[in-house]
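Chemist: Before I ask anything, here is the structure I am working with.
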Amino acid sequence: MDNLVHFLTELGFGFAFVGRQYPITVGTREFRIDLLFYHFKLHRFVVIELKTTEAQPAHLGQLGFYVGAVDAFLRDPDRDDDTIGILIAESRDKASVEFALQLQNQPLAVGTYAGLPDEVKELMPSANDLSRIVDKVLRPEAADGQG
């Protein structure tokens, strides 16, 4: 619980934890979202995918799939705005990630935010905040000064 509270604090104000490995069924298959939050100031779900490798275009496809599933099955279109997806990876090749993001029509982030209005960007963690979170989540021994 302490780690969850610390993680939410790192993300910033307004995040409410919905679930870890959150199950969502599409068709006859069940999928698991790494982390699912609800941002109560933005009135949006936030899907976070964690990868211990370099960000790949396929990861953005998976993230986009989860964002679409949350929008279709969890989001109340009368109250909630579109879901945001954030990919937290160990590293990224800026050119390939930016190219992959250009092909998406959903608000997704990999160190930068593509397609988010300014008022939403202000309430989300910055690229530097995400980098710090990556270090703490994916490499806790390095963040503790032991790695």
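Chemist: Count, please, the residues in region 12-30 that happen to be surrounded by 11 or more Cβ atoms within 10 Å (Cβ to Cβ) and either touching a helix residue (DSSP H, G or I) at 6+ places or on another chain (Cβ under 7 Å) or part of a loop (DSSP other than H, G, I, E, B) (or both).
Modeler: 6
Chemist: Right, something else. Given the structure, is residue 60 crowded, with 19+ Cβ neighbours inside 10 Å, of a type outside the set (Val, Ile, Thr), at pLDDT below 75 and part of a helix (DSSP H, G or I)?
Modeler: no
Chemist: Let me spell it out: the conditions are (1) open to solvent by less than 20 Å² (accessible area, probe 1.4 Å); (2) at pLDDT 85 or above, and residue 68 meets all of them except one. Which number is the exception?
Modeler: (1)
The values are calculated or read from the model by the stated rules, or taken from the named source; none is laboratory data. Everything quoted here is computed from the prediction, not taken from an experiment. Cβ atoms come from the backbone with ideal geometry, glycine included; neighbour counts cover every protein chain shown. The area values use the complete protein model at the heavy-atom level, side chains included, leaving out ligands, DNA and RNA. Shrake-Rupley method; radii C 1.70, N 1.55, O 1.52, S 1.80 Å.
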